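Structure record follows, encoded as structure tokens.
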Ligand code: CA
């Protein structure tokens, strides 16, 4: 692969033997070509459930705005996205644009099937360039481990994903205020357990539930991330092997013993459906949107003969043991898909300009609010009435229309949040605007050797950690009595190698 960028006025530039057409730089608006130009695409997602539809409203609108007629060569008739991708790669001539997972595209790039894009972004894709300048980390996290950028990623939103969600009707019934710190949180759990807030005369309340089958969401009360590994001051450390963690898990085990945590937390399927609908569950840490959908449905439902007054609130994050209020569960903007330019693409400059469209406000609005979106009286975009009325909600509506695809764009926070129940929307903005959001763990691009370590030692360690967590919480093993043995066994399993693999990926990215 040859890349030549000859400097100087009027100098020609070419990539991979293709001359770059600088005429595209003079085009107005979103145009990526002076004449209508057809580019072929491979896009096959979710085993064919989602893909670019050649005859959709979005495709038509895109052609009008950019002069690019995008023709997807993948078909929904193919059942398996991976198989479709591998078959496509064996063709003599590849589609101009290839969409897939970052891992696939990195490999294709390093095999010579895709061209590096990092030098093209600044000149031909000013909006993508601007995004990368504002988010240098995001650029680094999407480069392959050889240092090249082989695809333009789709980025997700930044903001809180989960919240502290509590039965407001139970608080009201017992005359309690929302807990504001760890100790008050404990007291509320205790009151929910002891004081019969569901009013049936039985001690059947389960104060804390979680559908992810672990109580680790409670670690936030101790100022601790619920991940096994975290970055502290540029060093990747094992979060679990710390004194703070030991204290926290000891206390959580005590809460379990006192009946404050779902006794079946490690096995219960559909905890929210079961425990909220039966009026047994008191609080959880979970996704705002899906959890508040219970508020919408259950507030209208009867339990036996009467409405049970179900009402959820997202409370402010209780102050942790350090006095901080941190939102630990946040969206990770680094998504794992994108699209790039194949070695057979003869319109590289045009394609880059076309990619850039999807990073403009107009392109993002058309993609995420849908090509048929409406504009509110205050000038903000909104979902069409048809999308709002759709049974599965506006996001599903757009997906069914071939929009809202993770091609290579930046999700619109207004669109993502605008599709949530109204109470969840309020909670999202309240959290985002008032509290510190944790930094997501970096998305690493590992070398084959690092991957090997992750897969062997890394998997063994993860299994052992979750086994021990469960033993401690359930009271099968005492934390204090088994702690030294726990640390020793982590080391035997190769913790040092796993940390080294993370660290080298981290250093490659940031140094
Ligand atoms: Ca009761």
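Subtracting the Cα-Cα distance from 0.36 nm times the residue separation, let me have the gained length for residue 93 to residue 422 in nm, one decimal.
113.6 nm
Mind ordering 132-145, 409-422 by average Cβ neighbours within 10 Å, highest first?
409-422, 132-145
Mind checking the full-extension length gain between residue 200 and residue 467? Use 0.36 nm per residue of separation minus the Cα-Cα distance, one decimal, nm.
This chain segment gains 92.5 nm when fully extended.
If r is the Cβ-Cβ distance from residue 118 to residue 459 and R0 is 30 Å, what FRET efficiency results, to the nearest 0.05?
On the way: r = 33 Å, r/R0 = 1.09.
Computed FRET efficiency for residue 118 and residue 459: 0.35.
When you count, for each residue, the other Cβ atoms within 10 Å and take the mean per peptide, how do 17-23, 214-220, 60-66 rank with the highest first?
Per-residue Cβ counts within 10 Å, averaged per peptide and sorted highest first, yield 214-220, 60-66, 17-23.
Helix 459-474 against the longest principal axis of the chain: what's the angle in degrees, Cα atoms only, rounded to the nearest 10?
20 degrees
Over region 359-463, what is the mean sequence separation of C-alpha contacts under 8 Å (at least six apart), divided by residue count, expressed as relative contact order in percent?
Answer for region 359-463 is 22 percent.
What angle, in degrees between 0 and 90 and rounded to the nearest 10, separates the Cα long axis of helix 348-357 from the longest principal axis of the Cα atoms of the chain?
Between the helix axis and the principal axis of the chain, the angle is about 40 degrees.
Roughly speaking, what is the stretch gain from residue 27 to residue 232, that is 0.36 nm per residue apart minus the C-alpha to C-alpha distance, in nm to one decimal?
Gain on extension, residue 27 to residue 232, equals 69.1 nm.
When you count, for each residue, the other Cβ atoms within 10 Å and take the mean per peptide, how do 481-489, 116-124, 428-436 rank with the highest first? Intermediate results must be reported in sequence, preceding the final value.
Values: 481-489: 13.3, 116-124: 19.4, 428-436: 15.4.
So the order, starting with the most tightly packed, is 116-124, 428-436, 481-489.
Nearest 0.05, what FRET efficiency do residue 385 and residue 361 give at R0 = 25 Å with Cβ-Cβ as r? Walk me through the intermediate numbers first.
Details: r = 22 Å, r/R0 = 0.89.
For R0 = 25 Å, the calculated efficiency reads 0.65.
Quick one: Cα convex hull volume of region 11-148, Å³ per residue? Numbers along the way, then the final one.
Numbers: hull volume 19.5 nm³, N = 138.
Spread over its residues, the Cα hull of region 11-148 gives 142 Å³ apiece.
Express the relative contact order of the chain as a whole percentage, based on alpha carbon pairs under 8 Å and six or more residues apart in sequence.
Computed value for the chain: 22 percent relative contact order.
Considering all projection directions equally, how large on average is the shadow of the alpha-carbon convex hull of region 228-379, in square nanometres?
Mean orientational projected area (region 228-379, Cα hull): 17.7 nm².
Can you pull the Rg over Rh of region 197-261, Cα-only, Kirkwood?
Numbers: Rg = 15.2 Å, Rh = 13.6 Å.
Here Rg/Rh amounts to 1.11.
When all alpha-carbon pairs of region 291-394 are counted, what percent fall beyond 20 Å? Could the numbers behind the result be given before it?
Values: 3780 of 5356 pairs.
Result: 71 percent of Cα pairs exceed 20 Å.
Using a Förster distance of 45 Å, how high is the FRET efficiency between residue 251 and residue 449, based on the Cβ-Cβ distance and rounded to 0.05?
0.70
For each of 157, 166, count neighbouring Cβ atoms within 10 Å of the residue's Cβ, then give the residues from fewest to most.
If I rank by nearby Cβ atoms, fewest first, I get 157, 166.
Determine one quarter of the surface area of the Cα convex hull of region 338-444, which equals its mean projected area, and express it in nm² to one decimal. If you can, show how the numbers build up before the last one.
Working: hull surface 38.7 nm².
Result: a mean projected hull area of 9.7 nm².
Report the antiparallel proportion of the DSSP beta bridges in the chain as a percent, rounded to a multiple of 5.
70 percent
Starting from a Cα-only point model with no solvent, please compute log10 I(q)/I(0) by Debye for region 150-238 at q = 0.12, 0.19, 0.20, 0.24 1/Å.
Here log10 of I(q) over I(0) equals -0.55, -1.01, -1.07, -1.30.
Using only Cα atoms, find the angle between the long axis of helix 479-492 and the longest principal axis of the chain, and express it within 0 to 90 degrees, rounded to the nearest 10.
Taking Cα atoms only, the helix is inclined about 30 degrees.
At q = 0.10, 0.12, 0.17, 0.18 Å⁻¹, what log₁₀ I(q)/I(0) does region 370-511 have when each alpha carbon counts as one equal point scatterer in the Debye sum?
-0.68, -0.83, -0.98, -1.01
Would you calculate a helix-derived [θ] at 222 nm for the chain, using -39,500 (n - 2.57) for each DSSP H run of n ≥ 4 and dividing by the full residue count, to the nearest 500?
-11500 deg cm²/dmol
So what's the gap between the Cα centers of region 248-282 and region 316-334, to the nearest angstrom?
Here the two parts' Cα centres lie 21 Å apart.
Per the Kirkwood treatment, what hydrodynamic radius in Å, one decimal, follows for the chain from the mean inverse distance over all distinct Cα pairs?
Numbers: mean 1/r = 0.0392 Å⁻¹.
The Cα-based Kirkwood calculation yields 25.5 Å.
None of the figures in this text is laboratory data; all of them are computed from the coordinates on show. None of these values were measured; they are calculated from a predicted model. We place every Cβ from the backbone using ideal geometry, glycine too, and count neighbours over all the protein chains shown.
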